[in-house]
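Have a look at the structure below before the remarks.
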Amino acid sequence: MASMRIDEIVGRLGGELLGAPDTLIRALAPLESAGPEDISFLANPKYRKQLDTTAAAAVIVSGGLTPPSGKTYIVCESPYLYFARVAQLLHPESLPVPGVAASASVQSVIPASTCVEAGAHIAESVVLGEHVFVGAGTVVGRGVRIGKGTRLHANVTIYADCEIGSDCRIHSGAVIGADGFGYAREKDGRWVKIPQSGRVVIGNEVEIGANTTIDRGAMDDTVIADGVKLDNQIQIAHNVKIGAMTAIAGCVGIAGSTRIGARCMIGGQAGIIGHLDITDDVVVSAGTLVTKSIRKPGVYTANLPLQPHGDWVREFSHLRHLDAMAARIRELEKRLDKGDTSS
Amino acid sequence: MASMRIDEIVGRLGGELLGAPDTLIRALAPLESAGPEDISFLANPKYRKQLDTTAAAAVIVSGGLTPPSGKTYIVCESPYLYFARVAQLLHPESLPVPGVAASASVQSVIPASTCVEAGAHIAESVVLGEHVFVGAGTVVGRGVRIGKGTRLHANVTIYADCEIGSDCRIHSGAVIGADGFGYAREKDGRWVKIPQSGRVVIGNEVEIGANTTIDRGAMDDTVIADGVKLDNQIQIAHNVKIGAMTAIAGCVGIAGSTRIGARCMIGGQAGIIGHLDITDDVVVSAGTLVTKSIRKPGVYTANLPLQPHGDWVREFSHLRHLDAMAARIRELEKRLDKGDTSS
Amino acid sequence: MASMRIDEIVGRLGGELLGAPDTLIRALAPLESAGPEDISFLANPKYRKQLDTTAAAAVIVSGGLTPPSGKTYIVCESPYLYFARVAQLLHPESLPVPGVAASASVQSVIPASTCVEAGAHIAESVVLGEHVFVGAGTVVGRGVRIGKGTRLHANVTIYADCEIGSDCRIHSGAVIGADGFGYAREKDGRWVKIPQSGRVVIGNEVEIGANTTIDRGAMDDTVIADGVKLDNQIQIAHNVKIGAMTAIAGCVGIAGSTRIGARCMIGGQAGIIGHLDITDDVVVSAGTLVTKSIRKPGVYTANLPLQPHGDWVREFSHLRHLDAMAARIRELEKRLDKGDTSS
């Protein structure tokens, strides 16, 4: 890890420096655990008191705040964003070293800048941009196209004919372009497979988490727009379209042909059924099942309050009788309206 | 992709041809996006109006319907099923080219018709039928048996001693035969592993999606019957039995020793707890947790209505007080019965 | 599989032997399917009647019980735990055969006792204890440390710098140490990646199921304590800490920075949102979303009763109107209090 003077950081990233310009920063840490060579940040005013006690060498704070004196600060508009940029300065990513490992198997002409690790397999007719990284054990199918600077970590699988943009990052175990789940049913229950003849098309600067799966389309393509961020273990079915900069947390499932707009945020373990239309700027809470299209931006939720098991048994037994409960309220209202107060 | 005259299609698949027998079909497409070389289908009468405006070269329709004249139609009993068969004609699957890649590692005697791609590993005592395909990076454990025509895509893992039938298709990242989750608990909380000595036994014409996991049994086997279709990221625990032609959508979890009948359909992200018995022809809705056995065919559901977050907060706060609400209704009924109308 | 006389079993594991000491045991089976060479167990008194009809050669029972005469029994304190130990005797695990497969790629100095299967890749600066097993296609990143006796099954991926203790077992498709899902957001919606500079640190005797993912920390580490057991397809986000001997069933998702205590049991498909604190000895039911910290040991639940679809439609329509229902009850109470019984 590099270390850096704080005036050099401000020189590169902007913001106003309060305090000692020669403060040396070696690492990043949260306010409560930071030590005398760490930089920290205060994004949420709720934690303002930690400024009095933190041992951090410097703290990134927002403009509105008057921080306790005697410490070093960087004042900026968005401390968390600034912190992310400092983290990138202190943890610069090394360019992969070009070269093809002896045990890799490459059946296409690839740029000399490509790094192909041990046991990776690049099939025929693959087209790669400059500085692509193909991790150990990763398999790139026939006819795949990948833009410059994209990194496929170890043991990724890309099926034939898929397209991936530039500066993407795909984590281990991800599977891009497997067949969508499409069958027609015979009268006797047997399933007839519908060939999944579409592709997966992924834009630029997309990150895809470990063991996430994105199925190829049937007829049409499955499309992931620029800047989308997908966490681990997400399942995206055939013909789904996801708009630019949408972020999806772990374990989410999205069923076939659903369209999700731009800048949406989908919470962990949420599910979205098929053939829906979710507009831009929608936020779906964790664990929520989306069963209808969403036409208006906003936050949407459907999950249950956690309860001690005994309380849950007592309260939730009534869920089976809500209809009867509603009927009894109506009956009471009628009786009161009629003045029927005796049995 | 092949192209084909429509009279040739009808010659092979049956149905009644209305219109020009020399109509050339190159591709398949939905009614609204089909072009003049595409064939489309109308399965749902709701979309009948699209017949007037579609640019499709031909449309597959059902018998009851009188379609607009001047176009070419195939009339048949089940348009979607027919469409699937046309798709198979236009996208014929190529037989894998026999041969073992130089970087593959094969420790068993396998048929000359086997295709083993780069970096795949076939351990000792493996028995393969004809025309098996083993994708790049796929690992087939000791003693595994696989029937004819089965395809294991890249980076699949099959643990020792499992059996897979013929004409199966297993997608990348699937893991068949890992240990079931079985432990006995010591008084102090430590877990003692129960050896998982059973196998996974998979029938014929089974399709298994990307990153789906099927654990081996403890003592007994885990069994997947003929014609079962499993989507991506499904978890099937030890000793589960799944009946013929059951289809399971993505992200479903099925806990240990549960039995599922034939021709069931389980929606995405559904969960089924352990030691249950689900009869034939049961449909479970997406996101539903099945917590008891199901003895009668039918559709079963347990999920929550999606709401704007504010509505959800307001309505769902009452879920913690349903018992009190029920008590208050009872009290009101008593008071009315008694004629107690004053405070 | 070994076979063993029952007096030898009791000699090794303790307990009281009732019946023929030369009873030969070949296998383990449940009471209802056991044959004359099988040993079975009775852990739940509910199944006591099966003792009369079982064909088992011997049954492990608890002390309180007087079993039917004429059969062979082992009497002990905890039959299920005893059964697990018998299973381990009858299914002894073979030590992996030391050696490095020709197609493996090893860039570190490793003990002669290591077993590295075909196509596995061990990067530079890796430190392994004795008798580590690295399955086919598995990738061990730069600087990883792994304790003695740990087994990585086929197609596992360990990212750089992670630490794994001794006697662990990691199943196929598991990914340890991929980047956590951490970004700061620009005003225009673009995501700026926060480098994930922490590690994953895993204790001793941890088992990790197939396709489970554990992300590396951002700044700090993600920590899995000794004796933790994780089933398949679990997602553990960055900076999570899991206490000793906690067991987590399949498909669970745990969001970032959450701490889980020791000896917890988390049911299948449960979800735990980020930044929570779950104390020791907490049990979370299957399918439950944990949305707040849990300070008291006990069982916690939040899931819905399964219903036939028609009942669900009828009852759950009221969930959108609970607030109105509560208001109507209040109004009825007011009217009764006032004596307002006429319309």
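The values are calculated or read from the model by the stated rules, or taken from the named source; none is laboratory data. No experiment lies behind these values; they were computed from the predicted model shown. We place every Cβ from the backbone using ideal geometry, glycine too, and count neighbours over all the protein chains shown. Protein only, heavy atoms only, side chains kept; ligands, DNA and RNA dropped before computing areas. Shrake-Rupley method; radii C 1.70, N 1.55, O 1.52, S 1.80 Å.
Overview of results
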quantity	calculated
Label point distance in nm, B:Glu331-B:Asp188, each placed 7 Å from Cα along Cα→Cβ	5.2 nm
Members of A:Lys46/C:Lys193; B:Lys241/C:Lys71; C:Lys46/C:Lys71; B:Lys187/C:Lys229; A:Lys46/A:Lys229; A:Lys292/C:Lys292 lying beyond 22 Å, as alpha-carbon distances in this model show	A:Lys46/C:Lys193; B:Lys241/C:Lys71; A:Lys46/A:Lys229; A:Lys292/C:Lys292
Other copies of A:Lys46: label-to-label distances in nm, shortest first, labels 7 Å along the beta-carbon direction	4.2, 4.3
GNM top mover of B:Gln196, B:Gln307, B:Gln269 - chain B, alpha-carbon springs below 10 Å	B:Gln307
Inter-copy separations for C:Arg295, label at 7 Å along Cα-Cβ, nm, ascending	4.6, 4.6
Long-range tail of P(r) for the stretch A:26-66 (Cα pairs > 17 Å, %)	20 percent
Accessible area, probe 1.4 Å, largest first, for residues A:Glu333, B:Glu37	B:Glu37, A:Glu333
Among C:Val192, C:Thr157, C:Tyr73 the positive-end extreme of the charge dipole of chain C (Cβ point charges)	C:Val192
Where A meets C: accessible area buried, both sides, 1.4 Å probe, Å²	5800 Å²
Label-to-label distance, nm, for residues given as B:Arg320 and B:Ser69 (7 Å Cα→Cβ offset)	7.0 nm
Accessible area in the full protein assembly, largest first, 1.4 Å probe, for A:Asp277, B:Asp215	A:Asp277, B:Asp215
Charge dipole magnitude, Cβ of K and R +1, D and E -1 - chain B, Cα centre, debye nearest 20	900 debye
Relative contact order computed over chain A (Cα-Cα under 8 Å; 6+ residues apart), in percent	6 percent
Protein accessible area in the stretch B:173-315, 1.4 Å probe - carbon and sulfur %	52 percent
Surface share of carbon and sulfur [accessible, 1.4 angstrom probe, percent] for the stretch B:117-163	48 percent
The stretch A:99-300 - charge dipole about Cα centre, Lys and Arg +1 at Cβ, Asp and Glu -1, debye rounded to 20	460 debye
Mean-position separation - Cα centroids, the stretch B:1-55 and the stretch A:108-153, in angstrom	39 Å
Reduction of at least 10 Å² in accessible surface, 1.4 Å probe, comparing all protein chains with the chain by itself, residues of the stretch C:216-232	C:Met219, C:Lys229, C:Asp231, C:Asn232
Carbon and sulfur %, accessible surface of the stretch A:4-90 computed with the full protein complex present, 1.4 Å	52 percent
Cα gyration tensor, the stretch A:279-343 - rounded (a/c under 1.5), prolate or oblate	oblate
Check: the protein assembly as shown dipole with +1 on Lys, Arg Cβ and -1 on Asp, Glu Cβ, in debye	2000 debye
Drop in accessible area of at least 10 Å² in the complex versus isolated chain, residues of the stretch A:191-215, 1.4 Å probe	A:Trp191, A:Val192, A:Lys193, A:Ile194, A:Pro195, A:Ser197, A:Glu207, A:Ala210, A:Asn211, A:Thr213, A:Asp215
Shape call, chain A: gyration tensor on alpha carbons, a/c limit 1.5	oblate
Cross-link reach list, aspartates and glutamates versus C:Lys334, counting only Cα pairs under 17 Å and skipping chain neighbours closer than eight places	A:Glu331, A:Glu333, A:Asp337, A:Asp340, B:Glu331, B:Glu333, B:Asp337, B:Asp340, C:Asp323
Per residue, in Å², the accessible surface of the protein assembly as shown once ligands and nucleic acids are set aside, probe 1.4 Å	38 Å²
For C:Lys148, label point 7 Å along C-beta direction: distances to other copies, nm	5.2, 5.2
DSSP beta bridge pairing in the protein assembly as shown, given as percent antiparallel to the nearest 5	15 percent
P(r) histogram, all alpha-carbon pairs of the stretch A:97-164 included - 5 Å bins from 0, percent	5, 21, 33, 33, 7, 0
Buried on assembly, the stretch A:261-295 (at least 20 Å² less accessible surface than by itself, 1.4 Å probe)	A:Arg263, A:Met265, A:Gln269, A:Ala286, A:Leu289, A:Thr291, A:Lys292
Contact order relative to length of the stretch B:279-343, as percent, for alpha carbon pairs under 8 angstrom and 6 or more apart	23 percent
Shape call, the stretch C:4-90: gyration tensor on alpha carbons, a/c limit 1.5	rounded
Relative contact order (percent, whole number), the stretch C:4-90, Cα cutoff 8 Å, 6+ residue spacing	30 percent
